[in-house]
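Visitor: Would you mind keeping the following structure in view while I ask a few things?
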Amino acid sequence: MATASPAELTLSLPTKKPQPIPWTHQETINLIRAYQEKWYSLKRGPLRGSQWEEVAVVVAARCGYDYNHPSKTALQCRHKMEKLRQRHRSEKHRLTATSSAASSRSWQYFRLMDDLERGPLPISVRPLSQKHPISDDSDGERVKKHSAARSVRSRSIHTVLNQKPTVTRQQRDETDDEEEEEDEEEGVMAKSLTAELRSFAERIVGLENKKMEMMKETERFRLEMENKRIRMILESQWRIVDSIGKAFGSS
C-alpha cells in the first residue's frame with residue numbers, strides 16, 4: 001500500500017499594521033520651518049537620511065514633546081514634505097489658472113510653502129534722498145544762522161571748560177554703572193541661552209534613547225513571534241507524523 005509523504009505545514013500569522021497618527025497643525029508648521037532652515041543651510045540641496053533625522057528631532061523638540069509622546073519619524077517627515085510640495089504646486093497652478101487669490105486663502109499652508117520655494121528675500125535698498133537746491137534769497141538768512149550757531153558753540157565750549165570737575169566724575173560714574181548693568185544683562189542672557197541649549201540637548205538625547213528602546217522592543221517582539229511560529233509548525237508536523245504512525249499501527 002503506497003502512502004504519501006508528510007507535507008510541510010506552514011502557518012502565517014496575520015499582523016495588523018498600526019494606523020499612523022495624523023499630523024497636527026503645530027507639527028506641520030514646525031516641519032515646514034525646520035525643513036526650510038535645513039534646506040537653506042544645504043543651499044537647497046537634497047536632504048540625506050541623517051539630516052531628515054535632525055529635522056524630525058527639531059520638530060519634536062519645538063512641539064515640546066517628552067520621551068513618552070509619540071513623535072514623527074524621519075520617513076514620515078520626508079513623506080509629509082513631499083505631499084506639501086505636491087499640494088503647493090497644485091494650488092499654485094490653480095491660482096495661475098483662475099487669476100485670483102481664493103486658492104491661496106483656501107489652503108492654510110500656502111503662504112509658508114510659497115515663502116519656502118521663493119527663498120529668503122534680499123535686503124531692500126532705500127533710495128538716496130535728493131538734495132533740494134537753495135535759492136539765492138535764503139543766502140543771507142543762512143549766513144545769519146551759521147554765525148549764530150558758531151557763537152552758541154563758542155559759548156558752549158567756554159561753559160564746559162569752566163565747569164567743576166565733580167560733574168565730569170558724576171558722568172563717568174553713571175557711565176560705569178551703565179556698563180556694569182549691560183555686562184550683567186549679557187551674563188544673564190548667556191546663562192539663559194546655555195540653559196536652553198542644555199535642555200534642548202537633553203531632549204535630543206531622550207528622544208534618541210526612546211527610539212533605541214522602541215527598536216529593541218520591536219526586535220524582541222519579532223523574535224518571540226518567530227519562535228512561536230516555528231514551535232507551532234513543529235507541533236503540527238509531530239501531530240501529522242503521530243497520526244500516520246497510529247494509522248499504520250492499527251492496520
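The values are calculated or read from the model by the stated rules, or taken from the named source; none is laboratory data. This structure is a prediction, so every number in the text was calculated from the model and none was measured. Don't worry about glycine lacking a Cβ; one is built from the backbone with ideal geometry, like all the others, and counts go over all protein chains shown.
To keep it simple, each residue is scored yes or no on (1) under 22 Å from Val57 (Cβ atoms); (2) among the β-branched types (Val, Ile, Thr); (3) exposed (fewer than 10 other Cβ atoms within 10 Å of the Cβ).
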{"residue": "Gly187", "(1), (2), (3)": "no, no, no"}
{"residue": "Thr194", "(1), (2), (3)": "yes, yes, no"}
{"residue": "Leu197", "(1), (2), (3)": "yes, no, no"}
{"residue": "Ile204", "(1), (2), (3)": "yes, yes, no"}
{"residue": "Glu217", "(1), (2), (3)": "yes, no, no"}
{"residue": "Phe221", "(1), (2), (3)": "no, no, no"}
{"residue": "Met232", "(1), (2), (3)": "no, no, no"}
{"residue": "Ile244", "(1), (2), (3)": "no, yes, no"}
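Visitor: At pLDDT below 95, surrounded by fewer than 13 Cβ atoms within 10 Å (Cβ to Cβ) and over 29 Å from Glu196 (Cβ atoms), is that true of His93?
Guide: yes
Visitor: When the residues of the range 96-132 are filtered to those that are of a type in the set (D, E, K, R) and surrounded by 10 or more Cβ atoms within 10 Å (Cβ to Cβ), which remaining residue is modelled with the lowest pLDDT?
Guide: Arg105
Visitor: Name the residues in the range 1-36 that are modelled with pLDDT of 90 or more and surrounded by 12 or more Cβ atoms within 10 Å (Cβ to Cβ), would you?
Guide: Correct list: Trp23, Gln26, Glu27, Thr28, Ile29, Asn30, Leu31, Ile32, Arg33, Ala34, Tyr35, Gln36.
Visitor: So Lys80 passes all but one of these: (1) farther than 30 Å from Val205 by Cα; (2) modelled with pLDDT of 85 or more. Which condition number does it fail?
Guide: The failed condition is (1).
Visitor: State all residues of the range 45-62 that are touching a helix residue (DSSP H, G or I) at 6+ places or on another chain (Cβ under 6 Å), within 13 Å of Glu208 (Cα to Cα) and not aliphatic (A, V, I, L, M); if no residue qualifies, say none.
Guide: Within the range 45-62, just Glu53 meets the criteria.
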